[in-house]
1. Give the range 31-65 a look and list any residue that's among the charged types (D, E, K, R) and over 29 Å from the mean Cα position of the chain (by Cα), or say none.
2. Looking for something touching a residue at least 12 places away in the same chain (Cβ under 8 Å), among the charged types (D, E, K, R), surrounded by 13 or more Cβ atoms within 10 Å (Cβ to Cβ) and over 24 Å from PHE7 (Cα atoms) - is there at least one such residue anywhere in the range 73-90?
3. Of the residues ALA101, ALA58, ALA95, only one is assigned to a helix (DSSP H, G or I) and either β-branched (Val, Ile, Thr) or touching a residue at least 12 places away in the same chain (Cβ under 8 Å) (or both); which?
4. Considering (1) of a type in the set (Gly, Ala, Ser); (2) more than 27 Å from the chain's Cα centre (by Cα); (3) modelled with pLDDT under 95, say which one SER93 fails and leave the rest.
5. Given the criteria among the acidic types (Asp, Glu), in a helix (DSSP H, G or I) and touching a helix residue (DSSP H, G or I) at 6+ places or on another chain (Cβ under 9 Å), does GLU80 qualify?
6. Starting from residues that are surrounded by 10 or more Cβ atoms within 10 Å (Cβ to Cβ), small (Gly, Ala, Ser) and modelled with pLDDT of 95 or more, keep the ones in the range 25-44 and report whichever is farthest from GLU98 (Cα to Cα).
Amino acid sequence: MRDGVRFNEQLCATGISMWGDMAAALKKEWEEAVAEIEGCVAAAPWGGGAEGIRFHQALLKSGGPAKLCQTARRVLGNIERTAPTMRDTISISVAADEYEAERIKRLLMEA
């Protein structure tokens, strides 16, 4: 029978650290990609003719690249917050388990 909540602290810390490193690298790469996307849009290589205007309108329909960048930044923010959230969740779980174990131990001693 299992006795309480068990976490391999080193394994958890390593995994959370790796997640944080991945999130930081992903954010850096994404910001570089956003700069490239914004540069391409700003260059307006489609021209000012009728076809270019139609292309530009289609590109910006439903928010275009700006909406993609905004949505991805929101998702990346969630990814970045995962590591500290997991660290807190594990700490709270361990503390709650320790508290309950002590409470049960006291109750058993009183009985």
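1. Of the range 31-65, the ones among the charged types (D, E, K, R) are 31-32, 36, 38, 51, 54, 61.
Selection gives GLU51, ARG54.
2. Yes.
3. Numbers: ALA58 fails: either β-branched (Val, Ile, Thr) or touching a residue at least 12 places away in the same chain (Cβ under 8 Å) (or both); ALA95 fails: either β-branched (Val, Ile, Thr) or touching a residue at least 12 places away in the same chain (Cβ under 8 Å) (or both).
From the options ALA101, ALA58, ALA95, the qualifying one is ALA101.
4. Result: SER93 fails condition (2) only.
5. Details: among the acidic types (Asp, Glu): yes; in a helix (DSSP H, G or I): yes; touching a helix residue (DSSP H, G or I) at 6+ places or on another chain (Cβ under 9 Å): yes.
Yes, satisfied.
6. The extreme case among them is ALA35.
The values are calculated or read from the model by the stated rules, or taken from the named source; none is laboratory data. Note that the structure is a prediction, hence the values are computed from the model and not measured. Glycine gets a Cβ as well: all are built from the backbone with ideal geometry, and neighbour counts include every protein chain shown.
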